[in-house]
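Data first, discussion second: the structure below is written as structure tokens.
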Amino acid sequence: MKRTKIVLFAALLMGLALVSCEKENPEVQSWTLDANGLLNGENSYFVGTDTSNVSGYYYVQDLTIGNFVLSHSWSDYGFGEGFTYTNCTDSATPGYTNLSAITADGVGGSTYFVANAGEFSTTPAMISFADGKSYRPLECYVTNSTYAYLAMKDGNPGYGTLDPFKQGDWFKLIITGYDGDNVTGKVAFYLASGTDIVNTWEKIDLSRLGTVTRMVFNLESSDVDPIFGMNTPSYFCLDKLKVSE
């Protein structure tokens, strides 16, 4: 009986300690990258206004949205590389001038992000933080652009030698986390596997990246030209990137 009382008393103390720890650790704050409200007109996208920083063929003007900083470049012909935000709704027209997501909208809103993440880009698709601190990525949503989706589904004879995707073909997004110059982790997601081509918003768990100062987004494909690189259009769409302290 005495031993039973001691065990119960110890369990009570442990319970009190756990309650105390929970009170001393308030809920961790999180932030979500959201493009809604950034555009006024319909079927439009952000291009750029600052021509002071030139890299290759493009002007470079990063996008700062809250504490998020997204790489962005543009030219006199429109969006170039990195990220931009758009509310385009065209899920039927092929070609690189169509920046719409294949879903024709965002996750819970009309405006979302589209990225050009080509392997030879002078402006890599990257997201960092304005305060220079480290954060823990939690999740994001991705889908195919209309341009990439239709090229994989129907072929794209005007671009490289891309034929319609068949069994064994694939198109993959790779998200790499960095803390300074050190890689913290990688997350891969297949935007297409054979004829199964993503056409809805899909949530990706980013917790494997750990704590980062920036994230870099790259695209890879099974359809590669030995000289010119990937034939699959190097575009994808992103929405609701969530990070925590």
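The values are calculated or read from the model by the stated rules, or taken from the named source; none is laboratory data. Please read these numbers as outputs of a predicted model, since none were measured by experiment. Please note: Cβ atoms are built from the backbone with ideal geometry, for glycine as well, and neighbour counts cover all protein chains shown. In case anyone asks, the SASA skips ligands and DNA or RNA and just uses the protein heavy atoms, side chains included. Shrake-Rupley method; radii C 1.70, N 1.55, O 1.52, S 1.80 Å.
Note that segment 100-245 presents 43 Å² accessible area per residue, ligands and nucleic acids not counted, probe 1.4 Å.
Each peptide in 172-184, 98-110 was scored by the mean count of other Cβ atoms within 10 Å over its residues; highest first, the order is 98-110, 172-184. Magnitude of the charge dipole for the chain, about its Cα centre and with charges confined to Cβ atoms of Lys, Arg (+1) and Asp, Glu (-1), is about 1340 debye. Each peptide among 207-220, 185-198 gets the average number of other Cβ atoms lying within 10 Å of its residues, and from highest to lowest they stand as 207-220, 185-198. Exceedance of the 22 Å cut-off in Cα-Cα distance is limited, within the set 133/172; 203/242; 153/242; 172/240; 186/240, to 133/172; 153/242.
In the chain, taking the dipole from charged Cβ atoms about the Cα centre, the farthest positive-side position among 109, 123, 229 is held by 109. Diffusion coefficient of segment 31-189 by Stokes-Einstein, Kirkwood radius over Cα pairs, 10 °C, 1.306 mPa s: 94 µm²/s.
Residues in segment 229-236 carry Karplus couplings, in order, of x, 4, 7, 5, x, 8, 10, 8 Hz; the curve used is 6.51 cos²θ - 1.76 cosθ + 1.60 with θ = phi - 60°, and Gly or Pro positions show x. Counting only protein heavy atoms and a probe of 1.4 Å, the accessible surface of the chain is 52% carbon and sulfur.
Mean residue ellipticity at 222 nm, helices only, the chain: -4500 deg cm²/dmol; runs of at least 4 DSSP H residues each add -39,500 (n - 2.57), and the sum is divided by the number of residues.
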